[in-house]
1. For the range 201-211, indicate whether the set of residues that are in a helix (DSSP H, G or I), modelled with pLDDT of 95 or more and open to solvent by 20 Å² or more (accessible area, probe 1.4 Å) is non-empty.
2. Quick one: is S41 surrounded by 17 or more Cβ atoms within 10 Å (Cβ to Cβ) and farther than 23 Å from V240 by Cα?
3. Which count do you get for residues in the range 245-288 that are of a type in the set (V, I, T), in contact with a helix residue (DSSP H, G or I) (Cβ under 9 Å, 6 or more places away or on another chain) and free of Cβ contacts under 8 Å to residues at least 24 places away in the same chain?
4. Taking only the range 67-110 into account, find how many residues are part of a helix (DSSP H, G or I), surrounded by 16 or more Cβ atoms within 10 Å (Cβ to Cβ) and out of contact with any helix residue (DSSP H, G or I) (no Cβ under 6 Å at 6 or more places or on another chain).
5. Could you say which residue among W187, W229 is within 19 Å of the chain's Cα centre (by Cα) and either in a helix (DSSP H, G or I) or at pLDDT below 95 (or both)?
6. I need every pair where a residue in the range 157-186 that is farther than 19 Å from W201 by Cβ has its Cβ under 9 Å from the Cβ of a residue that is open to solvent by 10 Å² or more (accessible area, probe 1.4 Å) and of a type in the set (V, I, T), sequence separation at least 6 or different chains.
7. Quick check on my filter: what residues within the range 268-294 are open to solvent by less than 90 Å² (accessible area, probe 1.4 Å), assigned to a helix (DSSP H, G or I) and either under 19 Å from L63 (Cβ atoms) or at pLDDT 95 or above (or both)?
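The values are calculated or read from the model by the stated rules, or taken from the named source; none is laboratory data. For clarity, every value in this text was computed on a predicted model and none was experimentally measured. Heads up, the Cβs are rebuilt from the backbone with ideal geometry, glycines too, and the neighbour counts pull from every protein chain shown. Note: accessible area is taken over every heavy atom of the protein model, side chains too, but ligands, DNA and RNA are not part of it. Shrake-Rupley method; radii C 1.70, N 1.55, O 1.52, S 1.80 Å.
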Amino acid sequence: MHMMQKTSAGSAGTSATQGREEHSSGLSKYEKLLILLFALSLPLINPWVRGDGVGYYAYARSLLIERRLDFEKDWQHGNESFVIGRVDSNGHLLADQYTPTGHIADISAVGPSFLWAPFLVVTHLGVLLFDKLGGNVRADGFSAPYLVTMAAATALYGFAGLWISFRLAREYFQERWAFLATLGIWWGSSLPVYMYFNPSWSHAHSAFIVALFLWYWHRTRGERTLPQWILLGSVSGLMVDVYYPNGVLLLIPLLEACARYWNGWKLHTSTGTAMAKLFFEHVIYAATFAVALLPTLLSRRIIFGGFFRTGYPRDWHWSSPAFWSVLFSADHGLLSWTPILILSLIGLALFLRTDHLFAVYLIIVFLAFYSVISFYPDWDGLSSFGNRFFVSLTPIFILGLAAFFDSLARIWQERPAAIFASSVTAAFILWNLGLILQWGMHLIPARGPISWRDAAYNQVSAVPRQAAQSVGHYLTGRKKFLDRIEQQDVNQIRSGQSGGTQ
């Protein structure tokens, strides 16, 4: 098992070690507080299928109800802004929605449906039993029990990702910094929009599966048994099944393997037998990954006619990547919309002195992920809060933010550092929640660039006045409230703004 290489961190490093020993046998106060906060947040879950979520949820619903990949009903039941350009006035799907294989062109990944499946199967059986006993609930995958289950499962996976990330950060830093970093990314990034408001999208699932991958890779780092390689390969495959860009995380085991081979060959630290054993283990890992990826490959073959045909556009911006815009644009720039991530990236660099090799891997992963999104034609996510693609990197951001706070404690005394870190985190969270309210209420455009001057003005004028009323309507009169938001989105699309949600 890998032993973490920590630099002399004074009291901070000592406290982190003591924290691991103290809380190894039960839940710490910070873990209990995280659970309490999650329980209190559950009324925020929003049981609707919307936009991209139509495509993700379609796999789970069609296989559960129709028992085949038939998405026509899903497309017809889509929200109004989704069906624009897909369904005619008579409710019939347009011809361009079908692929040459005769299937609906659902480009969404299949992985989220696997994560929903255990919950939805139980719900479906419950609905069938209820109807058999004289109840009257539609067992079609669209009725309330299914949607509530889907939304609750998404929130649970999102929280599981946060929990795992907290546990990983706690391996290196004091628990207070791990907790504060988890809280900051939970409510100061794009995650809450896709954990609660748009639960049928894949981003909260990505945060979970990437956290699980990083945690398990880290836990078995150094030496793995054959079963551990198989499990790591399975998690790796599911990670890509959930969201294709998550494949960038595979750079970590690749870089790890290259380092092992290089050290064995250059430094003569391993025998030929040891290298052969390592190669065999990597073959097993790759084979397990391929098996776990089969649902994605088979679904692409059925829908698009080829194992590696995704349906995504091929005109990527190879010659003109949006490197600057992805980070700083008013059109859903990562750091301009969710500025707490600036501290996370600084902390990721500071993490180099705590675990240099792990930090190098994470920095390479971030840069590679950032490059992929910069080359992607729709790098802004179109209808997106912030740059939603980066929600996948939630565990990396939490680790980086914890490293930033830990560095403050090394420079200052712990009490001033804690006061400053808590104040800054609270400020970023308040700003982010206000911006989410503006985005949801269309005080700022959901698509395209926003005016930061207007957004800042709204934060101090409109948001304080509308926050309580909007939250009240969301909690007590949600359908009418969401219908109004949907109509505003439809009006924006029909007024000439960029359509689609992919």
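1. As a first pass, look at the range 201-211 and keep what is in a helix (DSSP H, G or I): 203-211.
Still in the list and also modelled with pLDDT of 95 or more: 203-211.
Adding the requirement that they be open to solvent by 20 Å² or more (accessible area, probe 1.4 Å) leaves 208.
Yes, because at least one residue in the range 201-211 is in a helix (DSSP H, G or I), modelled with pLDDT of 95 or more and open to solvent by 20 Å² or more (accessible area, probe 1.4 Å).
2. On the way: surrounded by 17 or more Cβ atoms within 10 Å (Cβ to Cβ): yes; farther than 23 Å from V240 by Cα: yes.
The answer is yes for S41.
3. First, pick out the residues of the range 245-288 that are of a type in the set (V, I, T): 248, 252, 269, 271, 273, 283-284, 288.
Checking the rest, the ones that are also in contact with a helix residue (DSSP H, G or I) (Cβ under 9 Å, 6 or more places away or on another chain) come to 248, 252, 269, 271, 284, 288.
Filter again for free of Cβ contacts under 8 Å to residues at least 24 places away in the same chain, leaving 269, 271.
Adding up the residues that qualify gives 2.
4. Here is the first cut: in the range 67-110, the ones part of a helix (DSSP H, G or I) are 72-76, 80-83, 95-97.
Filter once more, keeping what is surrounded by 16 or more Cβ atoms within 10 Å (Cβ to Cβ): 72-75, 81-83, 97.
Then keep just the ones that are out of contact with any helix residue (DSSP H, G or I) (no Cβ under 6 Å at 6 or more places or on another chain); that gives 72-73, 75, 83, 97.
Residues flagged as part of a helix (DSSP H, G or I), surrounded by 16 or more Cβ atoms within 10 Å (Cβ to Cβ) and out of contact with any helix residue (DSSP H, G or I) (no Cβ under 6 Å at 6 or more places or on another chain) within the range 67-110 amount to 5.
5. Working: W229 fails: within 19 Å of the chain's Cα centre (by Cα).
So the residue among W187, W229 that is within 19 Å of the chain's Cα centre (by Cα) and either in a helix (DSSP H, G or I) or at pLDDT below 95 (or both) is W187.
6. W163/I35; L183/I429; G184/V424; G184/I429
7. Scanning the range 268-294 gives E281, H282, V283, I284, Y285, A286, A287, T288, F289, A290, A292, L294.
Residues checked against (1) under 25 Å from H77 (Cα atoms); (2) among the acidic types (D, E); (3) open to solvent by 20 Å² or more (accessible area, probe 1.4 Å); (4) part of a helix (DSSP H, G or I):
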{"residue": "V122", "(1), (2), (3), (4)": "yes, no, yes, yes"}
{"residue": "G126", "(1), (2), (3), (4)": "yes, no, yes, yes"}
{"residue": "D131", "(1), (2), (3), (4)": "yes, yes, yes, yes"}
{"residue": "R138", "(1), (2), (3), (4)": "yes, no, yes, no"}
{"residue": "T149", "(1), (2), (3), (4)": "yes, no, yes, yes"}
{"residue": "T154", "(1), (2), (3), (4)": "yes, no, no, yes"}
{"residue": "W163", "(1), (2), (3), (4)": "no, no, yes, yes"}
